[in-house]
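Notes follow the structure.
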Amino acid sequence: MAMEMTILTNDYRPGDSIANFIDFYYSLRMKYLASDLLEQGLTPLQISDAVLKAITVGRAAGLELYQHFKPVFSGIDKEIINDCKLSHLGYGLVLMNADTGLSVVGDFQVSVLQQYLVNYH
């Protein structure tokens, strides 16, 4: 009878644990998926393009991107797809940077601008 041996190591790295906790913390705060926009009438290609633009905007604005965007896999209609978990801000950036020919995008952009004008002018 062959015996298997398991070797345990005490290779504890506090930095890794902290990074994992922070990643987990921000992931819990991401309540949206980019694929949620399928229900708003966006196509997978439109969503993908909008996510890339939103990440570019976030980077240019100096956002800590890991707090707002997290690549994940999702299951839709018995398929596994590339998806992205989004914070509230991340979701708004994706929607704002989606195809402007869609009424949901135009309505969102107008409402954001109207709110901005009410609060700051």
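The values are calculated or read from the model by the stated rules, or taken from the named source; none is laboratory data. Just so it is clear, the structure is predicted and the values come from calculations on it, not from any experiment. No Cβ is skipped: glycine too gets one built from the backbone with ideal geometry, and neighbour counts run over all protein chains shown. Remember, those area values only see protein heavy atoms, side chains included, never the ligands or the DNA or RNA. Shrake-Rupley method; radii C 1.70, N 1.55, O 1.52, S 1.80 Å.
Annotations for the structure displayed:
Results for (1) of a type outside the set (Ser, Thr, Tyr); (2) assigned to a helix (DSSP H, G or I); (3) modelled with pLDDT under 80; (4) more than 18 Å from residue 104 (Cβ to Cβ), shown as yes or no for each residue.
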{"residue": "2", "(1), (2), (3), (4)": "yes, no, yes, yes"}
{"residue": "7", "(1), (2), (3), (4)": "yes, no, yes, yes"}
{"residue": "11", "(1), (2), (3), (4)": "yes, no, yes, yes"}
{"residue": "24", "(1), (2), (3), (4)": "yes, yes, yes, yes"}
{"residue": "27", "(1), (2), (3), (4)": "no, yes, no, yes"}
{"residue": "35", "(1), (2), (3), (4)": "no, yes, no, no"}
{"residue": "46", "(1), (2), (3), (4)": "yes, yes, no, no"}
{"residue": "49", "(1), (2), (3), (4)": "yes, yes, no, no"}
{"residue": "52", "(1), (2), (3), (4)": "yes, yes, no, yes"}
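- Residue selected from segment 86-107 under the condition in a helix (DSSP H, G or I) and in contact with a strand residue (DSSP E or B) (Cβ under 9 Å, 6 or more places away or on another chain), by the criterion farthest from residue 43 (Cα to Cα): 88
- Looking across segment 86-110, the residues that are open to solvent by less than 50 Å² (accessible area, probe 1.4 Å) and of a type outside the set (Gly, Ala, Ser) come down to 86, 91, 93, 94, 95, 97, 102, 104, 105.
- Filter result for residue 113 (surrounded by 10 or more Cβ atoms within 10 Å (Cβ to Cβ) and in a helix (DSSP H, G or I)): yes
- Filter pass, residue 118 being out of contact with any Cys (no Cβ under 8 Å at 6 or more places or on another chain), at pLDDT 95 or above and assigned to a helix (DSSP H, G or I): no
- Unique match (being closer than 17 Å to residue 97 by Cα and without any contact (Cβ under 8 Å) to a residue 12 or more places away in the chain) among 34, 50, 54, 61: 61
- Looking across segment 54-85 at every residue that is assigned to a helix (DSSP H, G or I) and of a type in the set (Ser, Thr, Tyr), the one that is most open to solvent (accessible area, probe 1.4 Å) is identified as 66.
- Condition met for residue 110 (more than 20 Å from residue 25 (Cβ to Cβ), in contact with a strand residue (DSSP E or B) (Cβ under 7 Å, 6 or more places away or on another chain) and at pLDDT 95 or above): no
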